[in-house]
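What follows is a short report on a single structure.
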Amino acid sequence: MLHRSMKAIVNFDEKIGKTVGRQREIADSFEYAMGLQKIASQLLRATGRGLCPKGVFKFKTHEEADAWMLRMLARPAKKD
């Protein structure tokens with residue numbers, strides 16, 4: 001809720017100058033999802049492990065969680 005002295009600033013007359021990138025519509029979302037599943041499966045076979053360790057992890061901030069995720073994704077593959 002806005003305070004009485006605060007007004008929402010929206011300029012409806014402003015023209016959008018430039019659009020950077022476009023999101024294309026997926027024709028068959030099921031086929032797309034199956035492609036992602038196939039890539040994840042190939043990654044699992046190639047590295048011998050999943051993307052991240054299984055379990056419940058607690059973080060104090062989103063930044064800390066993001067840093068952990070990047071470390072997990074960038075770690076070396078398991079040696080046999």
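The values are calculated or read from the model by the stated rules, or taken from the named source; none is laboratory data. Bear in mind that the values here come from a model prediction, so they are computed numbers and not experimental data. Positions of Cβ are generated from backbone atoms using ideal geometry, with glycine treated the same way; all protein chains shown enter the neighbour counts.
Listed by first and then second residue, the pairs with beta-carbon distance under 8 Å, at least 6 apart or on different chains, first residue in segment 45-66 and touching a residue at least 12 places away in the same chain (Cβ under 8 Å), second exposed (fewer than 10 other Cβ atoms within 10 Å of the Cβ) and of a type in the set (V, I, T), form an empty list. Only one entry of A46, A27 meets the criterion of being part of a helix (DSSP H, G or I) and at pLDDT 80 or above, and that entry is A46. Scanning segment 32-65 for residues that are among the acidic types (D, E) and surrounded by 11 or more Cβ atoms within 10 Å (Cβ to Cβ) yields one hit, E64.
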